[in-house]
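Working notes for the structure below.
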Ligand SMILES: [Zn+2]
């Protein structure tokens with residue numbers, strides 16, 4: 001039996017409200033990071049007062065509770081562990097996993113924007129009451145910087161019809177052993193999303209595609225992407241893996257797929273939805 005795909009797990013929950021003025025309180029949800037990793041007690045967030053942090057950054061409210069993010073002061077105390085945010089999928093409940101992604105992006109934004117890129121002065125936190133959201137500003141030259149979101153396209157390429165359908169899947173050097181996935185890459189300056197789809201596929205596997213169709217989007221806070229998911233149909237060319245980027249790429253029969261990424265990924269959802277359209281039962 002297949003597990004339901006759940007790309008929504010990386011989103012902020014629907015009833016989360018941005019509010020940059022919330023205060024710490026005993027029942028607040030606090031995401032505390034150390035060295036870019038989330039501090040957990042067992043499988044839960046630390047409780048109020050359990051950890052000493054640098055000043056907290058407000059994120060908003062969720063189910064009537066304040067949500068804040070902060071950086072741990074000092075060493076990780078006994079009884080607590082550090083975890084990559086991505087590895088907390090299935091450990092934290094989905095709503096908290098989504099908020100952890102937001103918290104991680106905001107804490108990383110502040111950590112990596114200490115100085116002005118134009119004049120090298122120290123940046124300050126922007127005024128949360130100013131109506132401009134989260135940003136940092138330069139007191140010297142006035143430059144404002146905002147948390148970035150990097151658009152990336154992810155594409156399921158297919159050929160053939162019905163039960164003879166095949167998917168072009170590939171694996172890179174960083175993929176888990178044996179796992180094949182859809183192709184993906186960042187959008188470059190001046191590109192449309194369709195340009196990016198065609199360029200990435202040509203670069204990575206050397207084939208031409210057409211009939212590019214947008215399917216859905218997924219926040220991917222590892223560290224700050226927005227995945228834009230497409231399907232495309234094979235047009236021409238022989239598979240030629242890009243050295244250094246692609247270890248192997250193959251056409252796989254839709255009825256006989258290799259190991260594919262886990263259920264909270266865009267790649268998995270693209271494949272599952274395509275299989276659903278074909279009314280095939282494969283796993
Ligand atoms: Zn400046």
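The values are calculated or read from the model by the stated rules, or taken from the named source; none is laboratory data. Just so it is clear, the structure is predicted and the values come from calculations on it, not from any experiment. Heads up, the Cβs are rebuilt from the backbone with ideal geometry, glycines too, and the neighbour counts pull from every protein chain shown.
Quick one: residue 86 ticks every box in (1) touching a residue at least 24 places away in the same chain (Cβ under 8 Å); (2) more than 16 Å from the ligand (Cβ to nearest atom); (3) outside the structural domain of residue 59 (by TED's automatic domain parsing) except a single one, so which number is it?
Here residue 86 meets the rest and fails (3).
How many of the residues in the range 213-239 are surrounded by 14 or more Cβ atoms within 10 Å (Cβ to Cβ), out of contact with any strand residue (DSSP E or B) (no Cβ under 6 Å at 6 or more places or on another chain) and farther than 17 Å from residue 186 by Cβ?
0
Sort out which residues of the range 177-204 are outside any helix (DSSP H, G or I), touching a residue at least 40 places away in the same chain (Cβ under 8 Å) and surrounded by fewer than 17 Cβ atoms within 10 Å (Cβ to Cβ), and write them in order of number.
Matches in the range 177-204: 178, 179.
Within the range 109-140, which residues are part of a helix (DSSP H, G or I) and either within 16 Å of the ligand (Cβ to nearest atom) or surrounded by fewer than 19 Cβ atoms within 10 Å (Cβ to Cβ) (or both)?
110, 111, 112, 128, 129, 130 - these are the residues of the range 109-140 that are part of a helix (DSSP H, G or I) and either within 16 Å of the ligand (Cβ to nearest atom) or surrounded by fewer than 19 Cβ atoms within 10 Å (Cβ to Cβ) (or both).
Please go through the range 141-151 and pick out each residue that is within 22 Å of residue 186 (Cα to Cα) and within 16 Å of the ligand (Cβ to nearest atom).
Passing the criteria: 145, 146.
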